[in-house]
1. Just tell me which lysines come within less than 17 Å, Cα to Cα, of K184; anything on the same chain fewer than 8 places away is out.
2. Using the count of nearby Cβ atoms within 10 Å as a rough guide to exposure, how do L140, L15, L170 rank from fewest to most?
3. With the dipole of segment 8-193 worked out from charges on the C-beta (+1 for Lys and Arg, -1 for Asp and Glu) around the Cα centre, which of P149, A132, C78 lies farthest toward the positive end?
4. When only Cα pairs under 8 Å and 6 or more residues apart are kept, what is the percent relative contact order across the chain?
5. Can you put E89, E153, E168, E26 in order, fewest other beta carbons within 10 Å first?
6. Between A195 and W18, 0.36 nm times their residue separation minus their Cα-Cα distance comes to what?
7. Using Cβ counts within 10 Å as a stand-in for footprinting exposure, how do T98, T194, T10, T116 rank, fewest first?
8. Find out how many positive minus negative residues lie around Q60, taking Lys and Arg as positive, Asp and Glu as negative, among other residues whose Cβ is under 14 Å from that of Q60.
Amino acid sequence: MNDGYMPLTTRLLTLETWPDFSAVVEANNGVWGGCWCMAFHPEGVGPGHSVEGNREAKRQHVENRTVRQVLVYDDDICVGWCQFGRPVELPNIKNLRTYEKGDEGPPDWRIGCVFTNPKHRETGVAAAAVAAALEHIASLGGGIVEAYPEQTEDRPEQRGAYLHTGPEALFEKYNFTRVRKIAKWRWVVRAHITAT
């Protein structure tokens, strides 16, 4: 665990970093029931998909360079990530039907899932992951970035729950603002990221 002496660092998910990503996913039972962080990708997850199939689909995305994902490291151990991409790369979002009723037009970028290894939660991993993803987006031309976090303020405590798209407060740190609600506790938030 980060003890304050070794700062968190980030690297992109590539074939070189695949073993690090794979290790943390496997240590967490495939993450969210064997998703392997595939839910936002075009293939999606759910009926007709297996844990092993999700793993292979994710590895195929890595091999084909059709995934954009920042991995966060504590020393040399991968402890979390933030997935991002163009809407065509990450077309699947929760509450899609309600989302599609909106009229603000598509964003330039989406942030998908944000994951932190349970032993490293509350240590800044998610913030480091989102910050690095936004830096990459800025280097790729910037634009409107959209995320789908869950509201935690004024909400009953969620014992044992993990918010796979992150809490709203995480995105507020980076000047994301609410656009509209798409579920009881889920919001569309947006920020404009300037190109670097």
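FYI, it's all coordinate maths here, none of it is from the lab. From a predicted model like this one, the values you see are computed outputs, not experimental measurements. As a convention, Cβ positions derive from the backbone with ideal geometry for all residues, glycine included, and neighbour counts pool all protein chains shown.
1. K94, K101
2. By the 10 Å Cβ count, ascending: L15, L140, L170.
3. About the Cα centre, the residue reaching furthest to the positive side is P149.
4. 20 percent
5. On the way: E89 18, E153 9, E168 22, E26 12.
Exposure proxy ranking, most exposed first: E153, E26, E89, E168.
6. Numbers: separation 177, 0.36 × 177 = 63.72 nm, distance 2.80 nm.
Contour length minus the Cα-Cα distance gives 60.9 nm.
7. Values: T98 14, T194 9, T10 20, T116 23.
Final ranking by Cβ density, sparse to dense: T194, T98, T10, T116.
8. Working: positive: R55, K58, R59, R65; negative: E43, E52, E56, E63, E89.
Net of charged neighbours comes to -1.
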